[in-house]
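Input: a single structure, listed below in structure tokens.
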Amino acid sequence: MPIDTTPKPTARPGPLNDQRIDAAQIRQVVGRAVQSQKILDMHTHLYPPGFGTPVANKTGRIDPTGLMLWGVDELITYHYLVAEVFRVVPATELPYETFWTWPKDRQADHIWRHLFVENTPLSEACRGILTTLTRLGLDPDEKSLSAYRFFFSRQDPSQFIDRIMEMSNVEAIVMTNAVFDDNERARWIKEPAIGSDPRFRAVLRIDPLVRNFPAAAEHLSQWGYSTGRKLTAACRGELIRFLNDWIDRQQAIYIAMSLPPEFTYPAAASDPIAQIGERILQEVILPVCRDRKLPLAMMIGSSLQTNPLLRDAGDTSGRADVSSVARLCRDFPANKFLVTMLSRENQHELCVVARKFGNLMPFGCWWFLNNPSLIDEITRMRFELLGRSFIPQHSDARVLEQLIYKWEHSREIISTVLSDMYMRTAKTGRSIYLRDVQRDVEAIFAGNFKAFLAR
């Protein structure tokens with residue numbers, strides 16, 4: 001289901017909206033505006049119940065390979081906490097292989113004991129769990145997970161989505177739909193209407209086309225697309241057909257791919273796989289995005305499986321080449337690029353490049369940057385360099401209830417930073433009005449993304 005990108009009327013002048021805000025009132029007014037603003041969460045890994053859920057629940061419908069993750073065991077075994085627990089109980093004491101043979105509830109019990117009971121939960125990942133439990137009316141001081149499991153087992157998944165969205169004040173959730181994931185792809189094929197839940201929007205995720213085309217080509221051939229391993233004219237036509245088929249099937253609102261720190265444009269001459277990936281980007285993906293008026297989201301900087309024994313928890317980050325982003329924006333001015341980068345060191349350069357290209361939209365504090373000190377730093381820098389022409393945050397949530405803490409924690413930081421920006425502006429003698437705050441808050445939490453889609 002497409003995002004409604006119809007421009008919303010700005011607040012009309014009137015006694016309330018024309019109210020001038022004194023410096024002493026700014027924090028309170030901004031705080032209220034930020035808390036009441038509905039969010040369009042433009043990048044998550046969440047799914048509606050139609051994609052199946054592996055969690056025991058009130059409905060009794062359990063799908064072991066289901067993609068809708070929720071409940072306390074999913075929260076506690078999230079890969080952030082898996083990596084953290086192996087710092088407390090190292091693999092020399094508990095081998096990785098042993099941990100992975102345990103059922104999820106035993107893994108969760110182990111993590112809870114060592115990170116929350118026997119140690120003070122100080123990390124942002126741990127604090128997020130505590131915020132979530134507390135907001136759900138649960139006692140964060142429990143010594144075991146039994147009471148939490150009982151609470152979640154009594155929930156209806158679809159109704160619980162409504163509750164979590166209401167608590168986090170999220171109006172729409174944008175999924176990440178990986179067409180090269182066999183489990184997810186099979187669900188779209190079997191049930192064409194699977195993406196019709198009005199609370200969710202789809203995004204076509206296509207990493208292998210650029211990162212490893214030979215492997216992707218094998219899948220495409222099995223799916224009825226005559227691609228081959230060389231990018232001939234016929235192959236290009238089949239790749240374009242493939243993308244259009246899946247954009248139509250999902251009603252995708254943008255196309256996305258995650259890229260390693262080593263990604264460069266142009267590709268290195270010594271890397272033939274990267275070179276064919278570059279040609280697919282130039283000759284297939286970007287033309288389709290242009291013709292369908294869809295942004296291309298590039299999430300750059302993830303180094304996969306640095307420690308493969310940790311599985312999903314074993315990925316790290318690396319500094320990437322921002323000049324490649326600049327060259328893409330320059331060479332493809334009719335395309336729109338949503339870009340987030342995983343390295344803190346890339347953030348300033350990305351802001352500077354965004355000042356030069358209106359077809360570039362920086363978004364979010366992704367993954368390892370989703371920590372309060374870094375969100376604060378990056379958001380301040382973006383306001384100072386870009387005004388409000390960016391998207392400060394997305395949840396990147398993989399477990400439903402993460403929406404609660406990720407948005408509560410981020411709203412608090414963004415509110416503080418935005419208040420500081422207004423106070424600096426007010427010191428120049430420029431008046432700040434309530435309508436300014438309402439307009440700006442709506443833009444950064446929803447309007448900028450909608451406008452970028454519609455551009």
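Just so it is clear, none of the values below were taken in a lab; they were calculated from the coordinates. Keep in mind the model is a prediction, meaning the values are calculated, not measured. Using ideal geometry, Cβ is built from the backbone for each residue, glycine included, and neighbour counts are taken over all protein chains shown.
Quick notes on this one:
- Phi-based couplings in Hz for region 28-36 (Karplus 6.51, -1.76, 1.60; Gly and Pro marked x): 5, 5, 5, x, 5, 5, 5, 5, 8
- Annotation: the residues M42, M298, sorted from fewest to most other C-beta atoms within 10 Å of their own C-beta, follow the order M298, M42.
- Extension gain from R229 to R430, taking 0.36 nm per residue of separation minus the Cα-Cα distance: 66.3 nm
- Sequentially through region 352-369, phi angles give Karplus couplings (6.51, -1.76, 1.60; θ = phi - 60°) of 5, 5, 5, 5, 9, 9, x, 8, 10, 10, x, 9, x, 10, 8, 6, 6, 8 Hz, Gly and Pro residues having no value and appearing as x.
- Near S302, the amide H atoms lying under 5 Å from its own belong to L259; only residues 5 or more places off or on other chains count, and H is placed 1.01 Å from N.
- Calculated FRET value between Q25 and M381, using beta carbons and R₀ = 25 Å, to 0.05: 0.45
- Likely footprinting exposure, V88, V437, fewest C-beta neighbours within 10 Å first: V88, V437
- Per residue Cα convex hull volume in Å³ - calculated over region 371-432: 85 Å³
- Since only L220, I26, A193 are under comparison, the one whose Cα sits farthest along the positive direction of the charge dipole of the chain, derived from C-beta charges on Lys, Arg, Asp and Glu, is I26.
- Links that overshoot a 22 Å alpha carbon limit, given the list K58/K104; K58/K406; K104/K143; K190/K336; K38/K406: K58/K406; K190/K336
- Counting beta carbons within 10 Å around each of T232, T227, T120 and listing the fewest first gives the order T120, T232, T227.
- Entry note, the chain: the mean residue ellipticity at 222 nm calculated from DSSP H runs of n ≥ 4, each adding -39500 (n - 2.57), is -13500 deg cm²/dmol after division by the residues and rounding to the nearest 500.
- For E171, nonlocal amide neighbours, meaning residues 5 or more places apart or on other chains whose placed amide H falls under 5 Å from its own, are I39, L40, D41.
- Cα-based shape type of region 54-153, given that a ≥ b ≥ c are square roots of the gyration tensor eigenvalues and the cut on a/c is 1.5: oblate
- Exposed loop sites here mean GluC sites (Glu not before Pro) with a DSSP loop assignment and at most 11 other beta-carbon atoms within 10 Å; the chain contains its longest site-free run at 119-455.
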